[in-house]
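Below is one structure, written out as structure tokens; comments come after it.
The values are calculated or read from the model by the stated rules, or taken from the named source; none is laboratory data. These numbers come from a predicted model, not from an experiment. Every residue, glycine among them, receives a Cβ derived from its backbone with ideal geometry; neighbour counts consider all protein chains shown. Side chains included, ligands, DNA and RNA excluded: accessible areas come from the protein's heavy atoms. Shrake-Rupley method; radii C 1.70, N 1.55, O 1.52, S 1.80 Å.
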Amino acid sequence: MADETKLSRRDMFGLGSAAVAATTLTMVGEKIAEAQQPPKHTAPNEINPGQVNGPLAAENPDSEWCPPTDNGNVKPFKYSFSLSRKRLESGGWTRQVTVRDLPISTTMAGVEMRLTAGGVRELHWHVEAEWAIMLYGSARITAVDHEGKSFVSDVSKGDLWLFPPGVPHSIQGLGPDGCKFLLVFDDGNFDEFHTFLITDWLAHTPKEVLAKNLNVPPSTFNKVPKKELFIFQTGLPGDLKAEQAQAAEGTGSLSHRFDFKTSTMKPTKVTLGGEVKIIDSKIFPVTPISAAIVTLKPGGLRELHWHPNADEWQYYISGKGRMTVFAAGSTARTMDFEEGDVGYIPISNPHYIENTGDTDLVFLEMFRTSEYQDISLAEWMAHTPHLLMDQHLGVGMSMLDSIPKQEMVITPV
């Protein structure tokens, strides 16, 4: 059958040069868009009679009908925050994804939290380190270290913070509409609902002991809540500089920062396919958790790679994508991701992430290590003797010679 996209000589003469150019560009664009789409499944046995959860299947096409390269039994490496129960409080809400929800996620856990303007995540601390990124709005964060030195700062969309293990801290939503943020903890067993809270602690300490400790009458503590506040509504905080000065009285403020302004950071790598910002202890010294903030353009690919020093915990901020994880022993699985989903890849398991939508795909890569490391398939191939590589793969010396000598991270579209 003739290609229906071809124009006849008569058609060409019947069009003006501008129209011919426009038609040609349209056809080229359609061909590129078609090439960027995941392969369609057309095998005669790919039907599913009977009851089908249509919306769920549509969100997970690579689970409903996997690519022919998938094989074997790979543990699920995806869970959605949309499936997690929200704890609703007067000042906001929270929900979590831990190893109890995603069994493969042994090293890290995540929490989504929304605070109203004036809503407070009460003064508390954790055994685990807390890494965070602001997803919406703005907040005021406070902390005090083991020397009594204070930290008070305002953070906005895209900003990060890190509270070390055991450091007491708080988060409060600012105007006009509070905030939403993601918290990441360096233990898959973390539980947001069992943290050390100041109200909970004082409610379970005799008032006489509190009075002796702070040299005040026992009646001072008559209004201490009988149960934890957790997240509660109150007024907006005071002037930032005034609160910073008050908190620093006597001991001073921290010489290092617990927050990091990613908006002022240049991307670590930029290509036509997108960009990546890598944040680890080299540029954010206090963090024991490293991260990459990845943006893929439509059709863009986070290249085939693996991480040799830690498992990878992912959070999808916006857009749609798919990921294939190769787990050795001829086993591989592909799953689809979109906003609010969590992904997890065990250490050294190779994978890629591809933007399958028509808008930017933005996601986080998180690691329980202070140093970010990855190994790229292309970079490995480029820096191995090409004769040896061709003896393995039979791809030809010219192809191997043409591979960029520097890691791409994101392949050009």
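Some values worked out for this structure:
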{"read-out": "The chain - convex hull of the alpha-carbon atoms, volume per residue in Å³", "value": "220 Å³"}
{"read-out": "The chain, relative contact order in percent, only Cα pairs under 8 angstrom and at least six apart counted", "value": "16 percent"}
{"read-out": "Dipole in debye (nearest 20) - the range 274-413, about Cα centre, beta carbon charges: Lys, Arg +1; Asp, Glu -1", "value": "120 debye"}
{"read-out": "Linear extension gain, Thr106 paired with Ser156, 0.36 nm per residue minus alpha-carbon span", "value": "15.0 nm"}
{"read-out": "For a label point 7 Å along the Cα-to-beta-carbon line of Gln373, residues of the range 275-304 with backbone N under 16 Å", "value": "280-282, 289-291"}
{"read-out": "Label point distance in nm, Asn48-Ala242, each placed 7 Å from Cα along Cα→Cβ", "value": "5.9 nm"}
{"read-out": "Heavy-atom accessible area ranking, 1.4 Å probe, most first, across Thr262, Thr205", "value": "Thr205, Thr262"}
{"read-out": "Helix runs (DSSP H) in the chain reaching 27 Å along axis by Cα, Kyte-Doolittle at least -0.5", "value": "17-36"}
{"read-out": "Among Gly119, Gly50, Gly274, residue whose mean-square fluctuation peaks in a GNM of the chain (springs only between Cα atoms under 10 Å)", "value": "Gly50"}
{"read-out": "Separation of the Asn73 and Asp401 label points, Cα + 7 Å toward Cβ, nm", "value": "4.8 nm"}
{"read-out": "Summed side-chain charge close to Leu229 - residues other than Leu229 whose Cβ falls under 9 Å, Lys, Arg +1, Asp, Glu -1", "value": "-3"}
{"read-out": "Distant-in-sequence amide H partners of Tyr372 (H built 1.01 Å from N, under 5 Å)", "value": "Ser281"}
{"read-out": "Whole-Hz couplings from phi, Karplus 6.51/-1.76/1.60, listed for the range 129-142; x for Gly and Pro", "value": "6, 10, 9, 9, 9, 7, 9, 6, x, 8, 8, 10, 10, 9"}
{"read-out": "Glu339/Cys66 FRET efficiency (R0 22 Å; Cβ-Cβ; nearest 0.05)", "value": "0.45"}
{"read-out": "Longest segment of the chain lacking GluC sites (Glu not before Pro) that sit in a DSSP loop with at most 14 other Cβ atoms within 10 Å", "value": "250-370"}
{"read-out": "Surface/4 estimate of mean projected area, convex hull on alpha-carbon atoms of the range 143-245, nm²", "value": "8.7 nm²"}
{"read-out": "Semi-axes of the equivalent ellipsoid for the range 225-329, Cα gyration tensor, largest first, Å", "value": "38, 19, 17"}
{"read-out": "Accessible-area composition of the chain, carbon plus sulfur, in percent [1.4 Å probe]", "value": "58 percent"}
{"read-out": "Two-decimal ratio, the range 292-413, of alpha-carbon radius of gyration to 2.2 N^0.38 Å", "value": "1.11"}
{"read-out": "Estimated inter-spin distance, Ser330 and Asn213, nm [label 7 Å along Cα→Cβ]", "value": "6.2 nm"}
{"read-out": "Euclidean distance of C-alpha centroids, the range 281-346 and the range 90-115, integer Å", "value": "18 Å"}
